[in-house]
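The values are calculated or read from the model by the stated rules, or taken from the named source; none is laboratory data. Keep in mind it's a predicted model, so treat the numbers as computed, not measured. When we count neighbours, we look across all protein chains shown, and the Cβ atoms used for this are built from the backbone with ideal geometry, even at glycine.
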Amino acid sequence: MTVVVIYGFTGKYSGNAEYAWNHPEAGATHKCMLFLRQNLDSNEYQAAVAECRRYGFTDIENMRYGKLQVEVLNTDLYRGFAGFYEEALEEGSTLLFYPNKDAGGAAA
């Protein structure tokens with residue numbers, strides 16, 4: 001059964017990605033979410049780390065596995081994640097990073 005699971009992590013963007021994507025500035029460290037298509041709904045840590053590296057992330061820390069309950073994507077709270085789910089289902093994965101904030105609270 002094909003599923004999409006989520007891995008949350010913190011990592012440093014190296015600038016050396018195998019994928020063309022809207023990446024952060026090289027050298028920056030970000031909290032991220034990897035949506036990964038898998039054959040089983042289980043923690044496949046090594047596959048997730050390898051995929052994060054394909055996106056250009058190194059120094060990966062605090063990797064967390066989470067089961068995605070598809071029905072929550074229809075709720076107002078999680079509707080914004082539906083596109084990431086669909087892309088991962090079609091392409092195999094997608095990654096989003098959260099912009100860092102400077103001391104004044106603005107996105108850096």
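Residues in the stretch 53-71 that are more than 12 Å from the chain's Cα centre (by Cα), outside any loop (DSSP other than H, G, I, E, B) and over 23 Å from SER14 (Cα atoms): LYS67, VAL70, GLU71.
If you check ALA28, ALA20 for being small (Gly, Ala, Ser) and either surrounded by 13 or more Cβ atoms within 10 Å (Cβ to Cβ) or within 11 Å of the chain's Cα centre (by Cα) (or both), only one passes: ALA28.
Within the stretch 43-83, the residues that satisfy the criterion of being surrounded by 16 or more Cβ atoms within 10 Å (Cβ to Cβ) and over 15 Å from TYR7 (Cα atoms) are GLY56, LEU73.
Conditions tested, residue by residue: (1) out of contact with any Lys or Arg (no Cβ under 6 Å at 6 or more places or on another chain); (2) in a loop (DSSP other than H, G, I, E, B); (3) modelled with pLDDT under 95.
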residue	(1), (2), (3)
TRP21	yes, yes, yes
LYS31	yes, no, no
PHE35	yes, no, no
LEU40	yes, yes, yes
GLU51	yes, no, no
LEU73	yes, no, yes
LEU95	yes, no, no
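Taking the numbered list (1) free of Cβ contacts under 8 Å to residues at least 60 places away in the same chain; (2) touching a Pro at 6+ places or on another chain (Cβ under 7 Å) in turn, HIS30 passes all entries but (1).
Can you pull out every residue in the stretch 32-42 that is closer than 11 Å to PHE9 by Cα and surrounded by fewer than 20 Cβ atoms within 10 Å (Cβ to Cβ)? Once the filter is applied, which keeps residues that are closer than 11 Å to PHE9 by Cα and surrounded by fewer than 20 Cβ atoms within 10 Å (Cβ to Cβ), the stretch 32-42 yields only MET33.
Inspect all residues belonging to the stretch 49-60 and state whether any of them is farther than 24 Å from ALA82 by Cβ and in contact with a Cys (Cβ under 7 Å, 6 or more places away or on another chain).
Taking the stretch 49-60 first, the residues farther than 24 Å from ALA82 by Cβ are 49-50, 53, 56, 58-60.
Within this subset, residues satisfying the condition of being in contact with a Cys (Cβ under 7 Å, 6 or more places away or on another chain) are 60.
Scanning the stretch 49-60, I find at least one residue that is farther than 24 Å from ALA82 by Cβ and in contact with a Cys (Cβ under 7 Å, 6 or more places away or on another chain), so the answer is yes.
Within the stretch 53-71, the set of residues being modelled with pLDDT of 95 or more and either of a type in the set (D, E, K, R) or closer than 19 Å to ASN16 by Cβ (or both) comprises ARG53, ARG54, TYR55, GLY56, PHE57, THR58, ASP59, ILE60, GLU61, ARG64.
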